[in-house]
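Asks: Have a look at the structure that comes next, please.
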Amino acid sequence: MLDSLRLYLRRQADGLGRYILEQSLYATIGWIPTMVGIGLRSILYRLILRMEGVAAIESNVRLRFANYIKLGHKVYIDQGAYLHAMPSGIEIGDDTIIMHGAVLHVYNFRDLPKARIKIGRKCLIGEYSIIRGQGGVTIGDRVYTSPFTQIIAVNHIFDDPARPFVEQGITAEGIVIEDDVWLGSGAIITDGVRVGEGGVVAAGAVVTKDVPPHTVVGGVPAKIIKTIEGDAGRRALNQAIYFETTR
């Protein structure tokens with residue numbers, strides 16, 4: 001029983017004192033709705049979070065290892081979001097919005113050196129999107145993810161048919177998404193990928209290779225559809241997105 005409690009605590013907070021403080025705040029003000037709750041959390045959550053300016057946190061947002069979470073000015077976190085920052089941290093830039101049900105999950109119990117999530121300014125993380133940062137996820141400015149996107153900076157190794165995959169280890173190369181990228185609904189970005197500036201990933205695409213800047217990709221696995229070049233590029237972009245979201 002004692003070992004189970006120790007394991008639980010190790011995966012919830014940075015020590016018993018932090019656990020008591022964080023859980024006390026969640027129990028007393030974490031559930032309060034409307035502007036009243038947002039106002040209370042914007043003041044009292046400074047005891048457990050690193051806030052640079054004012055942040056709006058809705059009710060029933062789950063935070064773990066909150067002392068490793070850094071929020072920029074005017075960050076908004078919607079109801080039901082879950083942020084687990086252990087141990088290398090989650091950083092969210094100014095004016096960024098984390099929508100309902102999104103999961104930002106570092107959860108590094110393998111002591112991986114690059115594990116963290118860093119999100120730039122004026123981004124939107126869509127409803128029920130998942131970001132797993134074991135290998136490190138860096139997201140630039142003005143990046144929008146649509147609902148149910150997945151950015152997964154970790155993968156299992158399964159090269160040896162004589163051994164269970166759970167015994168073969170993982171990769172954790174990391175993911176970089178540069179400025180002004182749009183990820184369509186249900187898109188998946190796999191470990192080791194870089195999405196270049198101005199890139200667009202169509203709905204439902206599975207990206208396993210780097211995306212060049214100002215390029216539209218789609219499909220499973222994702223392939224280049226078009227290069228964005230001025231007015232013609234914008235028309236091609238609209239056609240590609242329409243095709244991927246209506247087929």
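The values are calculated or read from the model by the stated rules, or taken from the named source; none is laboratory data. Source: prediction; values computed, not measured. We place every Cβ from the backbone using ideal geometry, glycine too, and count neighbours over all the protein chains shown.
Asks: Considering only region 130-144, I want to know if a residue exists there that is among the charged types (D, E, K, R), within 20 Å of LYS209 (Cα to Cα) and in a loop (DSSP other than H, G, I, E, B).
Replies: No: region 130-144 contains no residue that is among the charged types (D, E, K, R), within 20 Å of LYS209 (Cα to Cα) and in a loop (DSSP other than H, G, I, E, B).
Asks: Which residue is surrounded by the fewest Cβ atoms within 10 Å (Cβ to Cβ), if the candidates are limited to region 170-199 and must be in contact with a strand residue (DSSP E or B) (Cβ under 8 Å, 6 or more places away or on another chain) and hydroxyl-bearing (Ser, Thr, Tyr)?
Replies: THR171
Asks: Also, I was wondering about something else. Of the residues in region 50-60, how many are closer than 19 Å to ALA27 by Cα and surrounded by fewer than 21 Cβ atoms within 10 Å (Cβ to Cβ)?
Replies: Of the residues in that region, 4 qualify.
Asks: Turning to a different aspect of this structure: In region 148-176, what count of residues is obtained for those that are in a strand (DSSP E or B) and without any contact (Cβ under 8 Å) to a residue 40 or more places away in the chain?
Replies: Selection size over region 148-176: 7.
Asks: Is it true that some residue in region 20-34 is surrounded by 13 or more Cβ atoms within 10 Å (Cβ to Cβ), touching a residue at least 60 places away in the same chain (Cβ under 8 Å) and assigned to a loop (DSSP other than H, G, I, E, B)?
Replies: No, the conditions are met nowhere in region 20-34.
Asks: Give the residues of region 152-169 that are farther than 29 Å from GLY93 by Cα and either of a type in the set (A, V, I, L, M) or surrounded by 15 or more Cβ atoms within 10 Å (Cβ to Cβ) (or both), sorted by residue number.
Replies: Residues satisfying the conditions are ILE157, ALA162, VAL166.
Asks: If you take the residues in region 92-139 that are of a type in the set (Ser, Thr, Tyr), under 11 Å from the mean Cα position of the chain (by Cα) and closer than 16 Å to VAL181 by Cα, which one is surrounded by the most Cβ atoms within 10 Å (Cβ to Cβ)?
Replies: SER129
Asks: Among (1) free of Cβ contacts under 8 Å to residues at least 40 places away in the same chain; (2) part of a helix (DSSP H, G or I); (3) not aromatic (Phe, Trp, Tyr), there is one condition SER59 misses while meeting the rest; what is its number?
Replies: (2)
Asks: Right, next: What pairs come out if I take residues in region 65-76 that are modelled with pLDDT under 95 and pair them with residues that are assigned to a helix (DSSP H, G or I) whose C-beta lies under 6 Å away, six or more apart or interchain?
Replies: Filtered contacts from region 65-76: ALA66/GLU22.
Asks: What are the residues in region 177-204 that are within 20 Å of GLY135 (Cβ to Cβ) and either in contact with a helix residue (DSSP H, G or I) (Cβ under 8 Å, 6 or more places away or on another chain) or assigned to a loop (DSSP other than H, G, I, E, B) (or both), if any?
Replies: Across region 177-204, the qualifying residues are GLU178, VAL181, ALA187, THR190, ASP191, GLY192, VAL193, GLY196, GLY199.
Asks: Among (1) closer than 23 Å to PHE148 by Cα; (2) touching a Gly at 6+ places or on another chain (Cβ under 9 Å), there is one condition LYS74 misses while meeting the rest; what is its number?
Replies: Just one mismatch for LYS74, condition (1).
Asks: What single numbered condition from (1) in a strand (DSSP E or B); (2) surrounded by fewer than 17 Cβ atoms within 10 Å (Cβ to Cβ); (3) of a type in the set (Phe, Trp, Tyr) fails to hold for TYR76?
Replies: Unmet condition: (2).
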